[in-house]
1. From the residues in segment A:345-398 that are out of contact with any helix residue (DSSP H, G or I) (no Cβ under 8 Å at 6 or more places or on another chain) and within 14 Å of another protein chain (Cβ to nearest Cβ), which one is farthest from A:Leu25 (Cα to Cα)?
2. Take B:Arg61 and tell me if it is in contact with a Leu (Cβ under 8 Å, 6 or more places away or on another chain) and modelled with pLDDT of 90 or more.
3. Condition (residue is touching a residue at least 40 places away in the same chain (Cβ under 8 Å) and surrounded by fewer than 21 Cβ atoms within 10 Å (Cβ to Cβ)) applied to segment A:170-179: is it met by at least one residue?
4. Could you please let me know if A:Leu55 is surrounded by fewer than 22 Cβ atoms within 10 Å (Cβ to Cβ), within 12 Å of chain B (Cβ to nearest Cβ), part of a loop (DSSP other than H, G, I, E, B) and touching a residue at least 40 places away in the same chain (Cβ under 8 Å)?
5. What is the one condition in (1) out of contact with any helix residue (DSSP H, G or I) (no Cβ under 8 Å at 6 or more places or on another chain); (2) more than 30 Å from A:Ser132 (Cβ to Cβ) that B:Ser159 does not satisfy?
6. Return the residues of segment B:151-178 that are aliphatic (A, V, I, L, M) and either over 25 Å from the mean Cα position of the chain (by Cα) or under 21 Å from B:Glu206 (Cα atoms) (or both); say none if nothing qualifies.
7. Looking for whichever is over 16 Å from B:Val257 (Cβ atoms), under 19 Å from the mean Cα position of the chain (by Cα) and among the polar types (S, T, N, Q) here; the options are B:Ser187, B:Ser213. Which one fits?
8. Among B:Val247, B:Val216, which is the only one that is surrounded by 14 or more Cβ atoms within 10 Å (Cβ to Cβ), more than 14 Å from every other protein chain (Cβ to nearest Cβ) and part of a helix (DSSP H, G or I)?
Amino acid sequence: MTIAATVFALAITAALIAYHGFNALMIVLAWMELRRQQWMAARRLRIAVKDTMALPGMTVIVPAYNESLSIVRTVGSILRTAYPDLQVIVVSDGSTDQTLAVLTRAFALRPSNARPLGSLPTQSIRSVWVSSSDSRLLVVDKRNGGKADALNVGLNLATRPLVLATDADVLFDEHAFFHLALPFVLHAETAATSGMIRLYNGCTVERNRVKRVHMPRTPLEACQVVEYLRAYGLGRLFFNRCGGHLIVSGAFGLFDRQLLLEVGGYQAHAIGEDMELVARLHRHSVERHSVERQRPYRIAFSASAVCYTEAPHALRDFGKQRTRWHHGLLTTLRIHRYMTFNRRYGAIGSLTMPYYLVELYAPVLEALGWIMLPILWLAGLLAGHTVGLFAAVSVLMTMSVSLAAILLDAVYVGRYRGVDRLILVVSALIEPFWYRPCTVYFRLRAFYRYYRTIHLKTAWKSPTRAAHAAR
Amino acid sequence: MSWLPAITVLLLVNAAELVAIALAPLMRAHGRRGSKRHAHVRMGDQGLEVGSWKLGIDQRRPRVVSERTDEQTLLRALSDADPNIRLTAARLVGERRIGDDVALVEVLTTVDEAAGRLLVGSRPAQHGPPPSELLAIAARADERGRVAAIRLLGAYVDSRSRRALAALLADADARIRGEAASALAASTRLGYPNPLEPAIVNRLIEMLGGERSQTVIVEVVDALTYSLDRQVPAALMRLIPSSNGAVRERLIEAGAVFAQLVQSGTRAVEGARP
């Protein structure tokens, strides 16, 4: 082996050891955090809290653009949750389909006198409606302005102290909102909480609730289930343990309303507005802490708060989603780069931001590795068996992380049983061979778009929805 | 450098994980037996006690007003320092119809704008005539609580309150005209799907021609949109060429909303011509 090839081999080795060594640490800490959080699921705890403490009111904001197929089911799911003081605001962002019409028919809408309490700048509101059958539901029709703009309209109209931002294709567990609100009840400095997101592709849905959890039957959707388990079942728990929670998902994030207004709500032109918002919250927290000597805010993750969303079925939609997510990550890390390696921001600065920096460039490194290895072999600089061993180690390490996530879920949650668990395991085993290279490609595409300054439209395009995504 | 030991270890780890996944149901059952310590949950002075675990609950738990809070505490909470408390209290005071209208006028002059609007907006529709004292406060030009009284009249779905509001459309103060139009719009929405009285619709249409304040025009357009009177769309369209900016936008959108109301099955009425 030449010197260059040796150096390359050593670099690859070091990267593999560092990256996957970190994953091993993540698995251990995630396991410890999951064990600690199991008490939150105790029914007696829920009863004790509800009997002795008043739960703060919650406004759920559902931004919707051309979501006529799924909006009624999502709203029905929200209204059926067992949370005592709830307000639901559906914001139709200039929908051109039958979104407003289906909502009118399903919930007997009538004109409402609700007026904005906040003063965040937004596109104009055309009309506000309230349900005659359930006065908790408000529907707003506004001019098109993008998802962030729709969320800000909801924020202006919200009357409860807590605000939950979600998507129009989400279903909730019965006690999801309780588990999400519990950290606010227990700790005064809680600024935001997020919960576990699972996929309802392949699941049985009855009366707007996931009744039985099953695995989807297509490889693309099945591998996404594995990926979500890794991200939420390991990643979020790990960062929660370390106090460095950065991402509060746009599909399932609960915030203190007043704090959201103070930081200016959602940025209208941000791609990845959810991550960008939380980064701003952290900055606001640190600045307020240093000026007013108040305790920094706390952002929590509750594994017991569960919601279900729909994963893309088609590769094209999947690709667009992953490109958009990575573009959002790139934009957010660039805007808030001052936080990286900055001790003022605690675990966020010293752990989370560097981690996501590596995540950002991981597809570049991975693609380089996969391209260079065969080139070096063809050039005779690396032996064939060495290339094979590198590949085997990388694939096996990826599999072990996925299997660890499945194991934790199987032991502590146990929603996938029998054949479904088998499909889950098989998906984890085949994922490194085709799914991961696809995600690498789509994430690389985000770099290409970013640096070519192709502006990804903030006006959203709804992905193709199956009318019966769930069984 | 030999990678075989690393691969061997990884294969063993993966195999162990697969075996553990297969045995997961047994591990869950064992875990459930062990979690009986979770069964004991108590709210102690120091916070939650979950079995042998004591949650280190922050002593600075957030204050909350709720459905369980008594009326006097709610009224006091309207001037709380915490905006969340103020807004929640305002909403509950409105929803539960705490206090009579005349007493509320005084309360509304002391609370902040957002809480005041939420309190008024949360009051359910009232279908009887308003108290004559409330009408008197709304009519008197020098009254401190005049704006509050006008807003409270918007919660009444009654011809007497609407006539009083229509009379205020001719007030010299643009702010009073705007508040009266806004309260009329609120009353119309509460009375939906019953149409607005034709005489009041005609009065509003007349105003459109002569009103100069953009804010007032927007409120008048709002009131007309929900009136369900067939002459309204044409009246609004006539204004578009001479309007600008926000008013033009509002006029166009009002037409779309009117169409939505008609499309949802509500019949628009043929109002009396002036």
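The values are calculated or read from the model by the stated rules, or taken from the named source; none is laboratory data. This is a predicted model, so every value here is computed, not measured. Note: ideal-geometry Cβ built from the backbone for every residue, glycine included; neighbour counts use all protein chains shown.
1. A:His385
2. No, not satisfied.
3. yes
4. Values: surrounded by fewer than 22 Cβ atoms within 10 Å (Cβ to Cβ): yes; within 12 Å of chain B (Cβ to nearest Cβ): yes; part of a loop (DSSP other than H, G, I, E, B): yes; touching a residue at least 40 places away in the same chain (Cβ under 8 Å): yes.
Spelling it out, A:Leu55 is indeed surrounded by fewer than 22 Cβ atoms within 10 Å (Cβ to Cβ), within 12 Å of chain B (Cβ to nearest Cβ), part of a loop (DSSP other than H, G, I, E, B) and touching a residue at least 40 places away in the same chain (Cβ under 8 Å).
5. Result: B:Ser159 fails condition (2) only.
6. Filtering segment B:151-178 for residues aliphatic (A, V, I, L, M) gives B:152-153, B:155, B:157, B:164-170, B:172, B:174, B:176.
Residues satisfying the conditions are B:Ala164, B:Leu165, B:Ala166, B:Ala167, B:Leu168, B:Leu169, B:Ala170, B:Ala172, B:Ala174, B:Ile176.
7. Being over 16 Å from B:Val257 (Cβ atoms), under 19 Å from the mean Cα position of the chain (by Cα) and among the polar types (S, T, N, Q) holds for just one of B:Ser187, B:Ser213, which is B:Ser187.
8. After ruling out the rest, the residue left standing is B:Val216.
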